[in-house]
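Down below is the structure, laid out as structure tokens.
Values quoted throughout were computed directly from the atomic coordinates according to the rules given, and no laboratory measurement underlies them. In this text, all values refer to a predicted model and were calculated from it rather than measured experimentally. Note that we place each Cβ from the backbone using ideal geometry, even for glycine, and neighbour counts take in every protein chain shown.
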């Protein structure tokens, strides 16, 4: 598509950055608070506070501790993971429209979940988590292996094309499987919408180590990505080991996007939009973008989740459905305001 | 050769020699077909590839007429075709199998050509009409017709057409800002597409299971509901639209060389692009209205063609032939190879994607 | 290469098909044994040559009076035809791998599948040489002309209409309205029997279908709900939004409380299929039972209704 991100340095004075991160922390706290206080079952904030400190009725304890708290934790983990994964993908492919899903993460996770439901009778979110993780990791590995077949490190374009092709194949297989097995279809249509329902602590805790490792790798690779954004040759001349950074970045993306998809199902827009919002307001320094995405990602996911809880009472709209409605207008607004050749 | 064709060739060679990066290939033979003002240039290799795929398509059509769950011997099929056998056998062959096979060929050609146009105009090998929300918009329109309005077939077709075109118009309006720049267009397309996909997911979640299955099968792209009554009007539309191709191709070929060259040679860049995209949108809308959004043919067929003909651009006529063969072959597989009922769209995605993957592996091995 | 729509051809073809059929029936009518023992149909198996007019969602169709080979494309039609004793020669099923639902019994086990409910196979249907085809306008609308060219085709409007109406339509098509009346009367009688013997007046019941955390509560206009109410149980009041069911968030799980709470599952022996929200609040759901989804939700029809009533009786007996 020809549009390469031209690094544009925003007026990034120290105090400006500090203010941004301060505001981000406030936004995050606000999102977390909303996620605990607001829900499909209306409860007075006083009752919620009471329940948080050990009081409350059986119902309020169920709502706050069994439903909202695990969901909030999952939302934070998933949002951070997807935001950072998206930032890494966009920096790595130098394509502002890259999304972690193009490496085949979503397709692999969905396929393994479908196979598990159809042939092995898996029915609980905990079961989905392991299947989805395995599928995401295996498929991304395959994409990387095929994309870099021929001995050289996989270039971003090649990786993207390979990811799209392999992802499409597995998406097709998943659809075929689901359409011929109505029970599996019923469960898949719920999982593929991307949801935080029934994701208790027992679902989030096992993948938390993977998320943390991924975040650490991302922070480690971020400075190198600044150099790579100027072109691999420039980066090498600055002493950056391009190959190593690429491998670390891909590993980080796989861990982060795979874990997020394993927990919540495919949430496509978060990884796409959050880095743009960060870049627009904070500049193009990858270290700040990664950190900023880590904070803004959960905000987007939690706010979308809260919106989904109150939009269609007494039912709930899955967070995956809402993120597109929240993220797409932001993206369109961004692209209409800026000059058309860069985001 | 006509005057126009000579000028085209001269410009092309000059631009290439000026170092736009592509190797100068004086060995490429070209055939120019057409009258003054309306020309279609076909390279010799792509003509050969096109002919080969055409023959394959004929073979597929014969297979499609012979195979099926209604037991017919090849002798009976021949009898029907020569007009000697009548009755239910004749109905099966001429009114069920033949329209479906011909629809597969025509729809495949339409999708492939539309994809080729998109990829040429946006200069992106991954471009596909899907990015402008047509697939999702059609699905939304169809779901609304199915879930809210009762779902009889004409309603579904109308809903799908209206939904797709409304989505395309919405994207155009949102992306237009003193001109239509490709990048903004793509981004707005992605945004609207994603919103429509969410709407579809939500509607599918709330529908009853069998309704959702039916809708999803349509959403994957299926030729199962293609009958003579639906195939004939759609097929005619496709043929008419494809006949307009020679009007649009010269502009596209110049766009391929870059906007500057194109305007220098007198092609109104904006208008050429708009005309081409409009044609592609119409082609895809017609097919989607009847068969649902069949994925990957628009994406894969032009790429497969380009690699087989080893041409720098995308030869649109050959792409159409390849697309027709691809869709018909996929339909044969979906109907006769796979034991359970799957929509043809699933097969096209798996086949098209697998072929692309194989090509990628093959290419890298050649380079290594 | 003829690509003309087959509508006017089909009428000529129909005449060609009806004539030999009528002749065959006329000859065998007197000697044919009455149809099988589901006890209701086939009473008019005399030399009743000719057809009867059936009005349906796609207009009017002449249907032969003594239908022998029916193909059905919708579960409620399958259930009703089997209940009326006319075992179809072919049926479209929800799950091709699983085939015809088990609750229909051995009589139905041998029915050939002609594809799925959303996507039936025209050629398989034609290969069975049926004399009547039953389908649904909202699903099979595109296929009507092709089906009509095989055999007289009767379409019901949608599968969300009250199932009793669709039972009546199927019976009309088969020429056995009396049979339908008998079936529905038997169903009502059984309901009353259960209501009396278990004194269900005043007892509340709620049918719940869990879907990825969301709980779908089925209301009085749904198949399961209407059967529960027929048996004298009451579904707790709520705003059903003019739909057969309402989804609630798991945070509101306590709204599903009732004396009897029935949770549907694909495997009744698997306790993990009960959603977390209900299991965590087990104290609020004392009368919890897991029931089989294959007839409580998809078993729409007279036989399915009787099977559900049997289940209700078992539950009520067990809870006493």
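Summary of computed values
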| item | result |
| --- | --- |
| Most mobile of A:259, A:227, A:57 in a GNM of chain A (Cα contacts under 10 Å) | A:57 |
| Relative pair counts by distance (%), Cα atoms of region A:132-212, 10 Å bins | 15, 33, 34, 17, 1 |
| For region B:278-344, radius of gyration divided by Kirkwood radius, i.e. Rg to Rh on alpha-carbons | 1.02 |
| Reciprocal mean inverse distance between Cα atoms of region A:41-154 - Kirkwood radius, Å | 17.2 Å |
| Stokes-Einstein diffusion coefficient of the protein assembly as shown, Kirkwood radius over Cα pairs, 10 °C, 1.306 mPa s, in µm²/s | 51 µm²/s |
| Whole-angstrom Cα spans of region C:169-252 along principal axes, big to small | 49, 33, 20 |
| Value of D in µm² per second that Stokes-Einstein yields for region B:103-156, Kirkwood Rh from Cα pairs, at 10 °C (1.306 mPa s) | 124 µm²/s |
| Gyration tensor (Cα) of region C:113-254, equivalent ellipsoid semi-axes in angstrom | 35, 22, 11 |
| Longest to shortest principal axis, alpha-carbon extents of region C:166-207, angstrom | 39, 21, 10 |
| Largest to smallest principal axis extent of the C-alpha atoms in region B:52-105, angstrom | 34, 19, 18 |
| Per-selection metrics, region A:160-202 (Cα): Rg and Dmax in Å | 13.3, 37 |
| Region C:232-292, Rg to Rh (Cα coordinates; Rh as Kirkwood inverse mean 1/r) | 0.95 |
| Cβ-Cβ FRET estimate between residue B:86 and residue C:158, R0 fixed at 30 Å, reported to 0.05 | 0.25 |
| Radius of gyration, Dmax [region B:59-141; alpha carbons; angstrom] | 18.5, 52 |
| Cα Rg over Rh - region C:184-319, Kirkwood | 0.94 |
| Relative intensity, log₁₀ I(q)/I(0), of region A:179-318 from a Debye sum that treats every alpha carbon as a point, q = 0.10, 0.15, 0.22 Å⁻¹ | -0.44, -0.86, -1.39 |
| Scaled radius of gyration (Cα, divided by 2.2 N^0.38 Å) that region C:102-161 gives | 1.17 |
| Distribution of pairwise C-alpha distances over region C:42-186, 5 Å bins, in % | 2, 10, 22, 24, 23, 13, 5, 1, 0 |
| Part-to-part distance (alpha-carbon centres) for region A:279-343 and region C:109-129, which is given in Å | 48 Å |
| Chain A - mean residue ellipticity at 222 nm from DSSP helices (-39,500 (n - 2.57) per run, n ≥ 4, rounded to 500) | -25000 deg cm²/dmol |
| Cα-based shape type of region A:171-247, given that a ≥ b ≥ c are square roots of the gyration tensor eigenvalues and the cut on a/c is 1.5 | oblate |
| Euclidean distance between Cα centres, region C:213-288 to region A:26-54, Å | 28 Å |
| With eigenvalues of the C-alpha gyration tensor scaled by 5 and rooted, chain A, Å | 32, 26, 17 |
